[in-house]
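Right, one structure below, let's go through it.
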Amino acid sequence: MKLSVSGRAATAVTVSAVMLLTGGSIAGAAPGSAPTAAAAPDIPVAGVKAHLAQLQSIATANNGNRAHGSAGYKASIDYVKAKLDAAGFTTAVQQFTSSGRTGYNLVADWPGGDTGRVVMVGSHLDSVSAGPGINDNGSGSAAILETALAVSRTGYHPARHLRFAWWGAEELGMVGSRYYVNNLSPSDRSKISGYLNFDMIGSPNPGYFVYDDDPAIEKTFQNYFTGLGVATEPETEGDGRSDHAPFKNAGVPVGGLFSGADYIKTAAQATKWGGTSGQAFDRCYHRSCDTASNINDTALNRNSDAIAYAVWELAS
Ligand code: DTR
Ligand code: ZN
Ligand code: ZN
């Protein structure tokens, strides 16, 4: 595992160890608890879309994709890292090899908070080779980037330590996130009190799915959408199908949001959420048309604000 570390706050920094969790769900956020954290800021969807425009430009300038091992993926890492370094995060690039090509994870720690209780937020940054991967998964990557920048902008210093991550080679089978988890000692994994995953949160024909893994994390997201008057459904399609899986397998409480991929929206779902029944949530899933126009702004906005709500709530 080769690390390079930089960032204004960085002096001699190592990717801090996390230890195997001994407890159940994330402490301090019992199911049904009323919001107690300082109010999360609104995440400007224009800021999220500006990151998507950059990722689109990167893909366009690099053979139309940002896939593992490509120049487009490395340029995506460099873009996100530069934003975080400028905002005061301590960043580390973790290298790994998969299918004979070099992959990169970007891990960004927000200085402060109890490093014995880490709240992690992650999204995969790679696309498939067929296209730019703006919904899958520029949407999650851009939303957590803008949330991290909001932490810096507002000078938020929660009780728990905040760590953000952008994973490589998810499309090859969660390779980057598995590499990260496997390279932490058991005593290190336990310090992660929860891992929040965001993979496809701006689908053009959106659904509002909440991962039904850890009950406290699930309830936190449900509380947010209840406050919006938006119904949600449990995310059952994705068990094991994104970067939360290695964390869950290691005993870390996980949760997340999903707006749908190639499954078909039912008539009942269209009545509940709008959009088009009988059509996939994202008709451009893993296709070249997954471009910057393949995004529903309302879903992206709502999910970005839900991420901030959960970060403020669970890290307090
Ligand atoms: N595996 C993701 C897309 C995906 C499909 N179903 C789910 C459910 C939950 C999260 C993600 C997904 C990918 O292709 O990147
Ligand atoms: Zn994908
Ligand atoms: Zn994905």
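Brief remarks on what is shown
- In this structure, the amide hydrogen of Lys265, modeled 1.01 Å from its nitrogen in the peptide plane, lies closer than 5 angstrom to those of Gly278, Gln279, Ala280, Phe281, counting only residues at least 5 positions away or on a different chain.
- Taking His244, His68, His157 as the candidate residues, the one with maximal mean-square fluctuation in a Gaussian network model of the chain, Cα springs under 10 Å, is His157.
- Only helices reaching 24 angstrom along their own axis (Cα) with mean Kyte-Doolittle hydropathy no lower than -1.0 count here, and for the DSSP H runs of the chain these are 297-315.
- Around the Cα centre of the chain, unit charges on the Cβ atoms of Lys, Arg, Asp and Glu (plus for the first two, minus for the last two) sum to a dipole of about 620 debye.
- Dividing the summed -39500 (n - 2.57) terms of all DSSP H runs of n ≥ 4 by the residue count of the chain sets its mean residue ellipticity at 222 nm at -10500 deg cm²/dmol.
- Accessible carbon and sulfur surface of the chain relative to its total accessible area, %, 1.4 Å: 52 percent
- Under 5 Å from the amide H of Ile201 lie the amide H atoms of Ser139, Gly140, Ser259, each residue being 5 or more positions distant or on a separate chain, with H modelled from the backbone and absent for Pro and chain starts.
- Size of charge dipole - region 92-248 - debye, nearest 20, with Cβ of Lys, Arg +1 and Asp, Glu -1, no other charges: 560 debye
- Think of a 1.4 Å ball rolled over the protein heavy atoms: the chain then has 36 Å² of accessible area per residue.
- Percent RCO, i.e. relative contact order, over region 110-160, from Cα pairs under 8 Å lying at least 6 residues apart: 52 percent
The values are calculated or read from the model by the stated rules, or taken from the named source; none is laboratory data. All values derive from a computational prediction rather than experimental measurement. Cβ sites come from the backbone with ideal geometry, for glycine too, and all protein chains shown count toward neighbours. Areas reflect the complete protein model, heavy atoms only, side chains present, ligands, DNA and RNA absent. Shrake-Rupley method; radii C 1.70, N 1.55, O 1.52, S 1.80 Å.
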